[in-house]
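The values are calculated or read from the model by the stated rules, or taken from the named source; none is laboratory data. Every value quoted in this text rests on a predicted model; they were computed, and no experiment measured them. Every residue, glycine among them, receives a Cβ derived from its backbone with ideal geometry; neighbour counts consider all protein chains shown.
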Amino acid sequence: MPRVLYQGLLRSPASWARVGRGYVKALLELGVDVAVVSARGFGFAPNFTVPPAPELTPDEARREGAPIGVGFLHPPLLDRLIGEFRANLFVCESERVPKAWVEGFARKLDLVLAPSRFTLEALVRSGLPLEQVACVPYGHGLTPAVLAPEAERRQNRPFTFLAVVNPHHRKGVRELLRAYAAAFTRRDDVRLRVKTTYDPAGSRRRQPFEMGPWSEVLAESGLGEPGAPRCDVEIGTLSDDEVAALYGTVDVCVQPSWGESFGLAILDALAAGRPALVTGWGGHMDFVPPGPDVLPYILKEAGDSLYEPCDGASAAIVDIDALGSRMRWHYENPDASRRGGFEAQRAVTHLTWANAARQLLETLDAKAGK
């Protein structure tokens with residue numbers, strides 16, 4: 001395999017950056033010649049640790065050239081992608097893709113890399129030829145070294161739910177908070193940890209897809225009332241190992257998003273042996289085992305809840321009563337809940353970054369070699 005030039009956000013807690021770090025690290029460990037062009041983007045943090053691949057400026061990369069360019073670039077920025085063979089990773093949260101993006105893919109790319117059948121089908125449904133798309137799922141990097149020992153899982157702490165979310169409408173945060181507030185009271189030995197990267201209260205200009213300040217969202221749900229169950233919103237940037245370690249300190253993960261292209265947080269939860277309560281629609285359905293933790297939903301028009309609005313796109317709104325009922329079941333049946341988490345863990349053992357990198361290489365070799 002000739003040199004692969006990876007281009008995209010790397011120094012950030014954003015999922016796009018995590019994907020880039022996962023692929024680059026795994027490719028290096030497989031002995032692939034990899035160089036990177038690191039972009040700026042959401043949550044850019046210059047001191048973020050990245051894999052030790054040679055880092056080039058865009059000008060240096062253009063001068064050297066690249067047989068294979070793999071990017072994770074925002075569709076309007078595809079002109080920046082460098083490579084004789086050009087592939088770009090793409091995510092979408094609904095079943096439709098903006099027409100202008102599809103037209104750009106068709107003109108500017110040799111291959112679009114989708115992380116799930118859900119996203120592949122969205123691209124084809126929106127007009128991209130099937131031969132120009134390949135499905136390559138992501139992976140996880142969890143290891144026993146970053147997870148708390150099982151013996152420490154329930155020592156001297158409440159039964160703990162975890163949601164790893166950005167303060168965006170499509171993450172289903174309001175539905176989650178309302179379900180939690182309805183299912184529990186202060187008398188229950190329970191806690192909801194919401195891990196997020198920022199508070200819109202500090203934004204100079206709020207985007208349509210963003211919620212209001214966390215304080216307002218919590219108040220709207222009733223979680224600020226004296227008898228409400230405990231809920232802690234934890235704002236900040238964590239390293240990949242610190243994020244992974246979170247899963248070793250909780251009992252159940254809750255990710256009731258309106259749509260996911262893949263669902264890295266869901267995969268992380270299952271890989272850690274924790275049950276994950278999810279909306280039954282989206283890319284994560286490629287790997288989430290069927291069962292009562294897959295929650296019913298209703299489809300509605302997505303509107304501007306998506307990062308890029310698209311005519312005909314839908315959002316899957318989780319059934320709040322079903323979500324609250326399932327959270328309550330896990331709380332009241334901790335042993336069965338724990339067993340369910342370990343059963344789900346077995347379903348995702350193949351979804352590692354090493355396997356993701358191997359599948360990426362096989363796909364690139366098959367497509368670029370033609």
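Can you find even one residue in region 39-62 that is within 22 Å of Gly139 (Cα to Cα) and surrounded by 22 or more Cβ atoms within 10 Å (Cβ to Cβ)? Yes; the residues of region 39-62 include at least one that is within 22 Å of Gly139 (Cα to Cα) and surrounded by 22 or more Cβ atoms within 10 Å (Cβ to Cβ). Quick one: in region 266-286, of everything that is among the hydrophobic types (A, V, I, L, M, F, W, C) and within 21 Å of Ala322 (Cα to Cα), which residue is surrounded by the fewest Cβ atoms within 10 Å (Cβ to Cβ)? Residue satisfying both the conditions and the ranking: Met285. Are any residues in region 79-96 acidic (Asp, Glu) and crowded, with 19+ Cβ neighbours inside 10 Å, and if so, which ones? The answer is Glu93, Glu95.
Given Arg153, Arg205, which one is crowded, with 18+ Cβ neighbours inside 10 Å, modelled with pLDDT under 95 and over 30 Å from Arg358 (Cβ atoms)?
Going through Arg153, Arg205 in turn, the sole match is Arg153.
Please tell me if Thr279 is modelled with pLDDT under 95 and either of a type in the set (Ser, Thr, Tyr) or touching an Asp or Glu at 6+ places or on another chain (Cβ under 6 Å) (or both). No; evaluated as a whole, the condition is false for this residue.
Which residues, taken from region 341-370, are in contact (Cβ under 8 Å) with a residue 24 or more places away in the chain, in a helix (DSSP H, G or I) and closer than 20 Å to Ile266 by Cα? Within region 341-370, Gly341, Phe342, Glu343, Ala344, Gln345, Trp353, Ala354, Asn355, Ala356, Ala357 meet the criteria. When restricted to residues that are of a type in the set (A, V, I, L, M), part of a strand (DSSP E or B) and over 18 Å from Asp286 (Cα atoms), region 81-115 contains 3.
Restricting attention to strands (runs of 3 or more DSSP E) lying wholly within region 259-340, give those where 1 or more residues are among the β-branched types (Val, Ile, Thr) and without any contact (Cβ under 8 Å) to a residue 60 or more places away in the chain.
On the way: elements: 276-279, 297-301, 314-318.
In region 259-340, the matching strands (runs of 3 or more DSSP E) lie at 276-279, 297-301.
Inside region 137-150, residues that are at pLDDT 95 or above and either more than 22 Å from the chain's Cα centre (by Cα) or buried (at least 22 other Cβ atoms within 10 Å of the Cβ) (or both) make up a count of 2.
Of everything in region 12-39, what is assigned to a loop (DSSP other than H, G, I, E, B) and modelled with pLDDT under 95? Give them in sequence order. Ser12, Pro13, Ala14 - these are the residues of region 12-39 that are assigned to a loop (DSSP other than H, G, I, E, B) and modelled with pLDDT under 95. Please specify each residue of region 300-341 satisfying the condition of being out of contact with any helix residue (DSSP H, G or I) (no Cβ under 6 Å at 6 or more places or on another chain) and of a type in the set (S, T, N, Q). If the condition is that a residue be out of contact with any helix residue (DSSP H, G or I) (no Cβ under 6 Å at 6 or more places or on another chain) and of a type in the set (S, T, N, Q), then Ser314, Ser325, Asn333 are the ones that fit. Of everything listed in (1) more than 27 Å from Arg96 (Cβ to Cβ); (2) in contact (Cβ under 8 Å) with a residue 24 or more places away in the chain, the single unmet condition for Ser203 is (2). Within region 316-333, can one find any residue that is acidic (Asp, Glu) and more than 26 Å from Ala182 (Cα to Cα)? No, that holds for no residue.
Within region 167-192, the set of residues being free of Cβ contacts under 8 Å to residues at least 60 places away in the same chain and either surrounded by fewer than 20 Cβ atoms within 10 Å (Cβ to Cβ) or assigned to a loop (DSSP other than H, G, I, E, B) (or both) comprises Pro167, Arg174, Thr185, Arg186, Arg187, Asp189, Arg191.
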